[in-house]
Amino acid sequence: MQKIKQDEKRVLVIGGGVGGIKAALDLSESRKKVLLIDSDYAIGGLMTQLDRTFPTNNCDLCTVSPHLSAASREKFLEVSTMTELTSLSGEAGNFTATLKTAPRFIDIDKCTACGECLKKFPEAVRFNPGLDPRAPTCMRYPQATPYAYSIDMEKVDDVEALKAVCKAGAIIPDDTEQETQINVASVVLSVGAEMFDPSVLDNYGGGKFDNVLPGLEYERIMSASGPFQGNLVRKSDQQRPKKVAWIQCVGSRGINVDDVPYCSSVCCMYALKEAIVTKERFGDDIETTIFYMDMRTSGKDYEQYFNRAKEDFGIRLIRCKPHTVIELPDKSLEITYAREELSAMEKEEFDMVVLSTGFRPSQKTIDLAGAIGIDLNEHNFAKSGTIDPVTTSKDGVYVCGVFESPKDIPETMVQASAAASLAGMTLDSEEWVNEPVSLYPPQRDVDGEAPKIGFFVVDCDGEIDQALDIDKILENAKTNPDVAVAEAFKLSCSFEAMEKIEGLIKEHNLNRVVIGSGSPRIQESMFQDMLRRAGLNPYLLELVNLRDQNAWVHNDAPAKSLEKAFRLVQMGISGVRKAKPLTENMLPTSQNALVVGGGVTGMTSALELADQGTLTYLVEKAPVLGGQALNLSQTIEGDDVAAFVKGLVDKVSAHENIKVFTDAVVAEHTGVPGKFTTGIKTGADSACEQIDHGVTILATGAKPNRPAVYGLGELDNVMTQLDLDAVLENDESKIKAMEQVVMIQCAGSREADNPNCSRICCQAAVKNALRLLEVNPDIEVFVLYRDMRTYGFWEDYYKTARDKGVKFIRFDLEHRPVVREEAGKTIVRAHDFILGQDIEIEADCVALSTGFVADADTNNELCSLFHLPKTEDGFFLEDHVKLKPVDMALHGFFLAGTAHSPKVIRESITQAHAVAGRARTMLANKEITLGAAYATVDPVMCAVCLICVRACPYDVPFINNERHSEIDPAKCRGCGICAAECPAKAIQLRAWEDDQIIAKIDGLFERYN
Amino acid sequence: MDNFEPEIVAFCCHYCGYTAADMAGTRRISYPSNVKIIRVPCTGKVDAIHLMKALEKGADGVYIAACLEGDCHFKDGNLRAVAHVEKIKKTLEDLGWEPERVAMMNFSAAMGQQFAQAAEEFTEKIKALGPSPASQATSKAV
């Protein structure tokens, strides 16, 4: 065994799934050294095995960190695969970690992943969970990083033959295990969990019947990189199924011996996604049915996804957990189930049954927790902080993702940023100026060269290929004499594709590049960076949006869609011919932060930034700090919210790096990302105090909803859960006098006028029901609900409430409860589906779970002041719902807490840490690229008419001493208004010049044979 | 003219119109492939010349998709775009063309559904109008 000791202090991130990757990227983006280890052969985790992710239904993992250049990735981030932690000693800020790296038997620097070894050892390839045999040479999936195979030496008989096969000479037969000791400031655990193996259950046929498979295997079958190349067929006869059923909560939310009691939080959404994708691809040819207990679509806008599944895609939903699945002679499956409204069992035949299985911590994870010395909860997940979920029982060790509790990708991304932010606090950012000259090869001078264009289709997720004939698109592009190369990269991760394109640019001496891929909004900076690496100016590039604006929107007309693709590509080629190399403007960033909103979220973010030396301005509209948390007495876990808020307020008020403005609003705003100036207006004062800041965090919260439903505001005994919380806190005698309490869920949400789920209400009802029983054990509590959404470990509280006698009665929109007053009594009428009749309950208190709605006035004002986008229901819209959930589309703006969507305190606090970390990534760069798109004036053509001076929204143009208009590149925002208005056409907006736009129009209308 | 497929160009601003179009994609809401999008930083950048050029080259209809009024990322670029569209409408009228071939639309970044719907409606409208005089001339020439 080889032993190595490294002294350089770093953050250690364990687990290379999306969470670990995100944490590692965030840390390296804020210039902190980080080592990412994974015990597997390649990083990527579960996400890379998914066909697509909800709700956007695509991968886009490459866009996680577009602002991190490849150069800084190399400097700050090291990835070690096949590596495990064996021990951790020392304390926070100064740990020593011992790592063990298993031999790969392949030199990954030499391996070209040509696949020769795999061909010669054909019993090969572990690839798809449960669908492929294990192999000596093993690459996990085509998008693997590092892009290299690994060998299981024990299974190789003839080592020399294997060596001879490898032309690159990458086989190392005597590779040995390696032990490394490293100095670690802090640890981020992002080790995830395994998917439950349903074969241990005896009633659903998992692992026994060919056509019963867990959700993840269904994803692999649907995936273009899967065993049937994305062709959906049954395993038994390779025939396309006509009826597919999903069974939810397999192994979860149960009391049987192999069940776990908690909810895995993701299965409802993934089953809906799988059913929707099935419908998208096969339409009416396949009938999809989901058997479920409660549909838990409580994430941001997830309810609308659920509604589309029902209404637009016609997915059939049956509320019940089936009894058994039996296999019929033709390998079809018969499901026996009982609906709540019918007393008899029903039987139905399906061609394929998908078992929606959830997460289970693996034994390896449990052992790892032991080696690190952190506590686990009763379900063997990390015991995390009840208020601060990314903290563990050990200082300096943070947790994120599924190992903290079952969760989906956006929540994992938020926790990853939060854990990275806290873990990074013990390590200083390195002074390192991003000097393009030294990090990239010198830019080739293409001046005077005739265009030599490379056209590349980068289709990493197979979405374009599925809708369009890429070969024909390439052929068409090649008819342009100046297109020297046209190639497609299908189903290879964009990072790999970019490496190959760099090679082709150099090999063919290309001077222009056109990429057909996803949206330039997301991918442009990534491909610009690719050009820099290849020694080309990043502006010699055009992106053609073949995916988002073609493959995804013309499913119904494939021929026309292909024709459109030809035309769009021609537009790109024609446009790029006119592209010019441009230099970018750099600007030093302001190192201050502005946090709008002084609730728990805003205060937490401000403290974290201030603790790292960032001068932070905290602006609160109300006269006091605290926000909505001031109306809440305790969390479901029993934390004292009031004491917590007071602690925060004290710390914030006393902090030397925080300047608090209460009774204040932001009133004016100018500047560019990295250098903003904002005016803050306090009280009745008409004057604004101007502050400079480089980043802005929006933590303005949401408003408790008070809809006029079920007699709220009219009947004395009808109140909201927040009102009930106050009674519980202040007036126990009133509770003691109550005999019956009715709670009504989804009051004012999941309705036509407010379609989203408010997420917090189910746990709030369960919490208050349990508190009522604590004060008055004789009280009868009825909860009228539509779906109980106690996701994750809250399921435990839901079960406790049921055990303690709280009665949960379901209703639906056709059978809404009715609240009335009669002879001084409040009476609730509800429909009982099991009895099949209406029941009436006399209530001393009716508590409505009203949730949160967007604070429309505040959000509208801020959106128009800062020019930020909103969702349809008035919350702020993040940049990427899945991968960048706390960044906003406008660089320099971040979003946290209930201003993003309704959520509980611990989730808001996680986002608060996450935005502080994301803000640090920007501040750590000290300077920011303004891009090259600024307006320039041709002095000869300028007629000094002053139109540009009047038209510019930012008053940038002025008439200089030489009697022509001048535009300061550092102040120009690049809108191009002056260019459009200039009557002499003396002004051009660089990168968007008139001849470029006209060339695009020309390209679009070029005739085809 | 039953199978007339109009050529439509949509100038979309980066922050709203183009994002709304992407949003339609993300949600897989289809709209007619007749609509081809040209991205601009702000619709205030869309010169009257660009609109005319598109019509001259063969577009049967052209529209600008900007941010909602009051929400322009560059304060009032979308209002300037309205002025350009109005000017072109007037010019078309003078030329004896239907002014409806040019339109101004506004979307927020989240309005993917509305974007798709508007694309559909505009395409139908141009279909009803038939080929533009310029595109008739070019197709005769071919």
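Here are the numbers:
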| item | result |
| --- | --- |
| Karplus (6.51, -1.76, 1.60) ³J(HN,Hα), θ = phi - 60°, over the range A:381-387, in Hz, Gly and Pro reported as x | 8, 4, 7, 9, x, 6, 8 |
| Shape call, the range A:924-1009: gyration tensor on alpha carbons, a/c limit 1.5 | oblate |
| Coil-residue GluC sites (Glu not before Pro) of the range A:915-1008, DSSP, other Cβ within 10 Å capped at 11 | A:E962 |
| Rounded tilt (10° steps) of B:112-129 against the dominant C-alpha axis of chain B | 10 |
| Spin-label pair B:K125/A:E668, simplified geometry with 7 Å Cα→Cβ offset, distance in nm | 4.0 |
| Estimated dipole of chain A in Debye, rounded to 20 [Cβ of Lys and Arg +1, of Asp and Glu -1, Cα centre] | 1440 |
| In Å, descending, principal axis extents of the Cα set of the range A:195-360 | 40, 38, 33 |
| Contact order relative to length of chain A, as percent, for alpha carbon pairs under 8 angstrom and 6 or more apart | 12 |
| Inter-probe distance in nm under a simple model that places probes 7 Å from Cα toward Cβ, at A:S236 and B:A48 | 7.2 |
| Linear extension gain, A:E840 paired with A:N256, 0.36 nm per residue minus alpha-carbon span | 206.8 nm |
| The protein assembly as shown - share of DSSP beta bridges that are antiparallel (%, nearest 5) | 40 |
| Within 10 Å of each Cβ in B:49-57, the average number of Cβ atoms from other chains | 4 |
| Stretch gain in nm, segment A:I326-A:T583, where the contour uses 0.36 nm per residue and the Cα spacing is subtracted | 85.8 nm |
| Complex-versus-alone comparison for the range A:963-1007, residues with a loss of 50 Å² or more in accessible area, probe 1.4 Å | A:C975, A:I977, A:A980, A:E981, A:W992, A:I997, A:I998, A:I1001, A:F1005, A:R1007 |
| Solvent-accessible area per residue for the protein assembly as shown (1.4 angstrom probe, square angstrom) | 37 |
| Cα-based reach from A:K347 at 12 Å (exclusive), listing aspartates and glutamates while leaving out same-chain residues under 8 positions away | A:E334 |
| Solvent-accessible surface (1.4 angstrom probe) belonging to A:V159, in square angstrom, nearest 10 | 40 |
| Accessible surface buried upon B-A contact (total; probe 1.4 Å; Å², nearest 100) | 4900 |
| Computed FRET value (nearest 0.05) for A:A338 with A:D685, which takes r as the C-beta separation and R₀ as 45 Å | 0.10 |
| The range A:830-904-the range A:281-329 distance, computed between alpha-carbon centres (Å) | 24 |
| Spin-label pair A:A161/A:D284, simplified geometry with 7 Å Cα→Cβ offset, distance in nm | 5.6 |
| Helix B:77-95 axis, angle to chain B major axis (alpha carbon atoms, nearest 10°) | 10 |
| GluC sites (Glu not before Pro) within the range B:64-99: DSSP coil, no more than 13 neighbouring Cβ in 10 Å | B:E69 |
| Selection of trypsin sites (Lys or Arg not before Pro), the range A:438-475, meeting DSSP coil and at most 10 other Cβ within 10 Å | none |
| Alpha-carbon radius of gyration plus Dmax, which is the widest Cα pair, for the range A:545-702 in Å | 23.8, 66 |
| B:L55 accessible area, 1.4 Å probe, all protein chains in place, Å² to nearest 10 | 0 |
| Using a Förster distance of 60 Å, the FRET efficiency for A:E637-A:A559 (Cβ separation, nearest 0.05) | 0.55 |
| For A:M743, distant residues with modelled amide H under 5 Å away | A:F782, A:V783, A:L784, A:A847 |
| Fluctuation leader among B:R80, B:R27, B:R39 - chain B, Gaussian network, Cα springs under 10 angstrom | B:R27 |
| Cross-link pairs A:K804/A:K903; A:K110/A:K500; A:K681/A:K884; B:K89/B:K127; A:K621/A:K870 - those with Cα-Cα distance over 22 Å | A:K804/A:K903; A:K681/A:K884 |
| Amide H contacts under 5 Å for A:A486, placed H, 5+ residues apart | A:F455 |
| Distance violations [Cα-Cα > 24 Å] among A:K242/A:K321; A:K100/A:K490; A:K9/A:K651 | A:K100/A:K490; A:K9/A:K651 |
| Protein-protein interface of the range A:848-871, residues with accessible area decrease of at least 50 Å², isolated chain reference, 1.4 Å probe | A:H867 |
| Cα shape, the range A:233-301, gyration tensor, a/c 1.5 rule | oblate |
| Calculated FRET efficiency for the pair B:Q113/A:E349, C-beta based, R₀ 35 Å, to 0.05 | 0.40 |
| Using θ = phi - 60° and Karplus 6.51 cos²θ - 1.76 cosθ + 1.60, couplings along the range A:186-197 (whole Hz; Gly, Pro as x) | 7, 10, 10, 9, 9, 8, x, 7, 8, 7, 4, 8 |
| A:I290 long-range amide H proximity, modeled H, under 5 Å | A:W246, A:R316, A:L317, A:I318 |
| Principal axis dimensions, largest first and in whole angstrom, of the range A:488-532 by Cα | 27, 20, 15 |
| Heavy-atom accessible surface of the range A:469-595: percent carbon and sulfur, 1.4 Å | 50 |
| Relative contact order (percent, whole number), the range A:730-819, Cα cutoff 8 Å, 6+ residue spacing | 32 |
| Cα shape, the protein assembly as shown, gyration tensor, a/c 1.5 rule | rounded |
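The values are calculated or read from the model by the stated rules, or taken from the named source; none is laboratory data. Quantities reported herein were computed from a predicted structural model and do not represent experimental measurements. All Cβ positions, even for glycine, are placed from backbone atoms using ideal geometry, and neighbour counts span all protein chains on display. Ligands, DNA and RNA are excluded from the accessible area calculation, which covers all protein heavy atoms including side chains. Shrake-Rupley method; radii C 1.70, N 1.55, O 1.52, S 1.80 Å.
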